[in-house]
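Novice: First, the structure itself, so that you have it in front of you.
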Amino acid sequence: MISYEIYALFFVFCLLLAFMMNWLFLKFSKSLGVRNNDELDQVRWSSELKPSLGGLSFFFVFLIAIAAAGFLPSVSDNYFQDQKILGVMAATTLGFIIGLADDSYNTNPLVKFMGQLTCAFILIFSNVYIVATGNVAVDYLVTTLWVVGLMNSINMLDNMDAITTTTSIIILLAALAFLFSMPITFPVLVLIVCGVLGSLVGFLFFNWNPSKMYMGDTGSQFLGVFLAAISILLFWNERNDTSGIIQIKQFVLPLLVFAVPLMDTLTVFARRLMKRQSPFVGGKDHTTHQLVFFGFSERQTAWILILLGLMSSTLALLLYVGIIPWNLATSIGAFVYFFIVFGIMQVVYNIGKRRNNNA
């Protein structure tokens, strides 16, 4: 069994490695990866041109974590023949390439969407899919919607300094908490999650407001696939064998852990569709923007979403370990909690929007 100290040391190693990589990118890259918002038709909160190179460190550290996991004493010799591991590697690699191409050439949205669909199909064919109903066709459809939706959600959330980075950190912290709470330890997953978590913390030094660097689509697309895969393995398929086909429990956990990106995406999609606008174009109509218009600073906005993410993930963990018992009342209570917070965010959103319009 791998000790906690080994995991901690590997996390620190990945953090320092990511920090050094991003420091070098920032030092030596004056134009590589710089987003020209006018030329690329991008809509960001900040109009300042900055390198979008953070995603490179995420992927590089991920590969190191994958390689390191193969040398764990508890891992069998056929580790690199494991269907699920290979699927996660292939899907995240494709996600990274999709993002890198978009950062470099501003690819056609349809091409990007087809790439995202392919990421979902790779995970499905690697046996990494959501078992939601027992009907394979429906489960595949749910998995595809989740993977593609999350890739776009994480990408859309990357509209202000440190928001996507801190949100992803909290999700991965929740993943580690779940892994360490399981009766059987999965050292490969722990090591991989520790590695990506370290890369995010190392990048956060450069992405915290005022940021010096963005993660770009390279980072957000990679994270979208990676977080989708981790959520399927840990949160979505947490089922009780003695319960019915469709279980509320497995919907509650991802709803809580991914509360921040889900709330933002639901808000933007609903409001843009009501205006008969495309939900996929850029705009300064996200939850983060309205919090600033409401009166909070960019750092305060980041802290608000950090606290919301921590609170929601802690609630999910308390339900998972049984401190809050699973029953119909607590399941309904979790949904009520989500929609109460969502409603509060809509009130703040509307006030911020009015203040911005009256400014």
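Each row is one residue, and each column tells you yes or no for (1) part of a loop (DSSP other than H, G, I, E, B); (2) within 28 Å of THR301 (Cβ to Cβ); (3) free of Cβ contacts under 8 Å to residues at least 12 places away in the same chain.
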| residue | (1), (2), (3) |
| --- | --- |
| LEU191 | no, no, no |
| LEU197 | no, yes, no |
| LEU204 | no, yes, no |
| ASN209 | yes, yes, no |
| GLY219 | no, yes, no |
| GLY224 | no, yes, no |
| ALA228 | no, yes, no |
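Novice: Which members of region 224-282 meet the condition of being modelled with pLDDT of 80 or more and polar (S, T, N, Q)?
Specialist: Once the filter is applied, which keeps residues that are modelled with pLDDT of 80 or more and polar (S, T, N, Q), region 224-282 yields SER231, GLN250, THR265, THR267.
Novice: Further question on the same structure: Look at region 298-335 and say how many of its residues are surrounded by fewer than 17 Cβ atoms within 10 Å (Cβ to Cβ), farther than 25 Å from LEU179 by Cα and either under 20 Å from the mean Cα position of the chain (by Cα) or at pLDDT 95 or above (or both).
Specialist: 3
Novice: Now for a different question. Would you confirm, using the coordinates I've provided, whether LEU176 is at pLDDT 95 or above and crowded, with 23+ Cβ neighbours inside 10 Å? So that I can check it myself, show each step before the final result.
Specialist: Numbers: at pLDDT 95 or above: yes; crowded, with 23+ Cβ neighbours inside 10 Å: no.
Spelling it out, it is not the case that LEU176 is at pLDDT 95 or above and crowded, with 23+ Cβ neighbours inside 10 Å.
Novice: Out of all the residues in region 112-125, which are farther than 22 Å from PHE280 by Cα and either aromatic (Phe, Trp, Tyr) or at pLDDT below 95 (or both)?
Specialist: Looking only at region 112-125, we keep the residues that are farther than 22 Å from PHE280 by Cα, and these are 122-125.
PHE125 - this is the single residue of region 112-125 that is farther than 22 Å from PHE280 by Cα and either aromatic (Phe, Trp, Tyr) or at pLDDT below 95 (or both).
Novice: Please enumerate the residues belonging to region 267-281 that are outside any helix (DSSP H, G or I), surrounded by 14 or more Cβ atoms within 10 Å (Cβ to Cβ) and in contact (Cβ under 8 Å) with a residue 24 or more places away in the chain. If you could, list the steps in order and put the result at the bottom.
Specialist: To start, the set of residues in region 267-281 that are outside any helix (DSSP H, G or I) comprises 275-281.
Cutting the leftovers down to surrounded by 14 or more Cβ atoms within 10 Å (Cβ to Cβ) gives us 279-280.
Passing the criteria: only PHE280.
Novice: Give region 143-161 a look and list any residue that's among the aliphatic types (A, V, I, L, M) and at pLDDT 95 or above, or say none.
Specialist: Filtering region 143-161 down to residues among the aliphatic types (A, V, I, L, M) leaves 145, 147-148, 150-151, 154, 156-157, 160.
Answer for region 143-161, where residues must be among the aliphatic types (A, V, I, L, M) and at pLDDT 95 or above: LEU145, VAL147, VAL148, LEU150, MET151, ILE154.
Novice: Only residues that are touching a residue at least 24 places away in the same chain (Cβ under 8 Å) and either over 24 Å from THR288 (Cβ atoms) or not in a helix (DSSP H, G or I) (or both): list them for region 307-327, please.
Specialist: LEU317, LEU319, TYR320, VAL321, TRP326
Novice: If you don't mind, another one. Of a type in the set (A, V, I, L, M) and under 17 Å from the mean Cα position of the chain (by Cα) - does that describe any residue in region 205-214?
Specialist: No, region 205-214 has no match at all.
Novice: Report the residue count in region 182-239 for those that are of a type in the set (Lys, Arg) and out of contact with any Phe, Trp or Tyr (no Cβ under 7 Å at 6 or more places or on another chain). Before you say what the answer is, go through the steps one by one.
Specialist: Taking region 182-239 and keeping what is of a type in the set (Lys, Arg), we get 212, 239.
Then keep just the ones that are out of contact with any Phe, Trp or Tyr (no Cβ under 7 Å at 6 or more places or on another chain); that gives 239.
Here the count works out to 1.
Novice: If VAL347 satisfies all but one of (1) farther than 23 Å from THR164 by Cα; (2) surrounded by fewer than 12 Cβ atoms within 10 Å (Cβ to Cβ); (3) among the hydrophobic types (A, V, I, L, M, F, W, C), what's the number of the condition it fails?
Specialist: Among (1) farther than 23 Å from THR164 by Cα; (2) surrounded by fewer than 12 Cβ atoms within 10 Å (Cβ to Cβ); (3) among the hydrophobic types (A, V, I, L, M, F, W, C), VAL347 violates only (1).
Novice: Tell me, which residue of region 1-21 that is closer than 29 Å to SER211 by Cα and of a type in the set (Gly, Ala, Ser) is surrounded by the most Cβ atoms within 10 Å (Cβ to Cβ)?
Specialist: Across region 1-21, the extreme among qualifying residues is ALA18.
Novice: Related question: Report yes if THR330 is in contact with a Leu (Cβ under 8 Å, 6 or more places away or on another chain), closer than 26 Å to ILE248 by Cβ and of a type in the set (Ser, Thr, Tyr), otherwise no.
Specialist: Working: in contact with a Leu (Cβ under 8 Å, 6 or more places away or on another chain): yes; closer than 26 Å to ILE248 by Cβ: yes; of a type in the set (Ser, Thr, Tyr): yes.
Spelling it out, THR330 is indeed in contact with a Leu (Cβ under 8 Å, 6 or more places away or on another chain), closer than 26 Å to ILE248 by Cβ and of a type in the set (Ser, Thr, Tyr).
The values are calculated or read from the model by the stated rules, or taken from the named source; none is laboratory data. Predicted model only: the values in this text are computed from it and were never measured. Note that we place each Cβ from the backbone using ideal geometry, even for glycine, and neighbour counts take in every protein chain shown.
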